[in-house]
Amino acid sequence: EDQVTQSPEALRLQEGESSSLNCSYTVSGLRGLFWYRQDPGKGPEFLFTLYSAGEEKEKERLKATLTKKESFLHITAPKPEDSATYLCAVQAGYSSNTGKLIFGQGTTLQVKP
Amino acid sequence: DSGVTQTPKHLITATGQRVTLRCSPRSGDLSVYWYQQSLDQGLQFLIQYYNGEERAKGNILERFSAQQFPDLHSELNLSSLELGDSALYFCASSHNLYRGLPLVYEQYFGPGTRLTVT
């Protein structure tokens with residue numbers, strides 16, 4: 001069964017204290033791995049799509065990387081406005097034509113000033 | 001702003017009732033998806049429509065149904081509501097990212113409808 005596991009569940013950082021969030025996946029035929037940011041009561045906001053092992057993408061203080069078993073979301077010198085829940089999701093089934101996303105439970109990040 | 005719109009933002013109703021949630025996708029997107037987010041289950045895929053036709057089904061209850069209209073907006077109908085149906089319901093839309101096979105669908109989410117069943 002396709003599965004996505006995120007760790008840690010919660011992370012508290014001081015402003016400027018860099019860290020990484022982990023997303024481990026077990027899927028048959030990864031087509032894409034996605035990172036989203038979600039603020040309380042809001043819809044997930046798209047951040048990145050990663051397609052293959054070794055790929056990296058950056059956006060401001062965020063950098064996402066992908067290996068054959070996991071993805072990391074690195075946060076460099078975070079600010080309080082980076083506080084949110086970060087969700088990882090995968091699309092599986094190499095020959096599938098569906099867009100079903102399988103989500104992890106998320107990591108809730110709190111950045112204190 | 002993702003460009004995906006959902007109405008209403010909030011809905012409070014009683015058990016046994018029926019409600020309809022509406023979604024308008026981003027301009028040009030042919031696929032619409034519905035997801036349910038509850039505290040204990042996280043984000044769960046319900047159903048996908050592509051250009052008016054059902055493309056994929058997740059763990060959608062038989063009491064729930066959806067459709068996509070010719071103008072590409074979609075509606076999710078929830079009937080015989082139970083307390084456990086209280087959740088956030090999100091719509092997302094996508095276009096194909098055609099990089100050859102495999103097909104990848106990059107999804108953009110709407111603001112959601114918060115359903116409370118009392």
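The values are calculated or read from the model by the stated rules, or taken from the named source; none is laboratory data. The structure presented is a predicted model; accordingly, all values stated were derived computationally and were not measured. Here the Cβ is made from the backbone with ideal geometry for all residues, glycine too, and neighbour counts use every protein chain on show. Remember, those area values only see protein heavy atoms, side chains included, never the ligands or the DNA or RNA. Shrake-Rupley method; radii C 1.70, N 1.55, O 1.52, S 1.80 Å.
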May I ask you to say which residue of A:99, A:43 is within 23 Å of residue B:87 (Cβ to Cβ), modelled with pLDDT of 95 or more, surrounded by 13 or more Cβ atoms within 10 Å (Cβ to Cβ) and not acidic (Asp, Glu)? A:43
Out of curiosity, is residue A:92 open to solvent by 60 Å² or more (accessible area, probe 1.4 Å) and either away from chain B (no Cβ under 14 Å) or over 13 Å from the mean Cα position of the chain (by Cα) (or both)? no
Does region A:20-38 include one or more residues that are free of Cβ contacts under 8 Å to residues at least 12 places away in the same chain, away from chain B (no Cβ under 11 Å), surrounded by 13 or more Cβ atoms within 10 Å (Cβ to Cβ) and more than 30 Å from residue B:8 (Cα to Cα)? no
If I ask for residues that are closer than 22 Å to residue A:31 by Cβ and either acidic (Asp, Glu) or open to solvent by 60 Å² or more (accessible area, probe 1.4 Å) (or both), which ones from region A:59-71 would you list? A:59, A:63, A:68, A:69, A:70
Go over the candidates B:61, B:21 one by one and state the one that is touching an Asp or Glu at 6+ places or on another chain (Cβ under 9 Å) and touching a residue at least 60 places away in the same chain (Cβ under 8 Å). B:21
Being open to solvent by less than 30 Å² (accessible area, probe 1.4 Å), among the small types (Gly, Ala, Ser), farther than 26 Å from residue A:108 by Cα and touching a residue at least 24 places away in the same chain (Cβ under 8 Å): is that true of residue B:80 here? no
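Yes/no matrix, rows are residues, columns are (1) surrounded by 21 or more Cβ atoms within 10 Å (Cβ to Cβ); (2) within 19 Å of residue A:99 (Cβ to Cβ); (3) not β-branched (Val, Ile, Thr):
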{"position": "B:45", "(1), (2), (3)": "yes, yes, yes"}
{"position": "B:57", "(1), (2), (3)": "no, yes, yes"}
{"position": "B:63", "(1), (2), (3)": "no, no, yes"}
{"position": "B:68", "(1), (2), (3)": "yes, yes, yes"}
{"position": "B:84", "(1), (2), (3)": "no, no, yes"}
{"position": "B:92", "(1), (2), (3)": "yes, yes, yes"}
{"position": "B:95", "(1), (2), (3)": "no, yes, yes"}
{"position": "B:105", "(1), (2), (3)": "yes, yes, yes"}
{"position": "B:112", "(1), (2), (3)": "yes, yes, yes"}
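Conditions (1) farther than 17 Å from residue B:117 by Cβ; (2) surrounded by fewer than 20 Cβ atoms within 10 Å (Cβ to Cβ), marked per residue:
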position: B:6; (1), (2): yes, no
position: B:10; (1), (2): no, yes
position: B:19; (1), (2): no, yes
position: B:54; (1), (2): yes, yes
position: B:74; (1), (2): yes, no
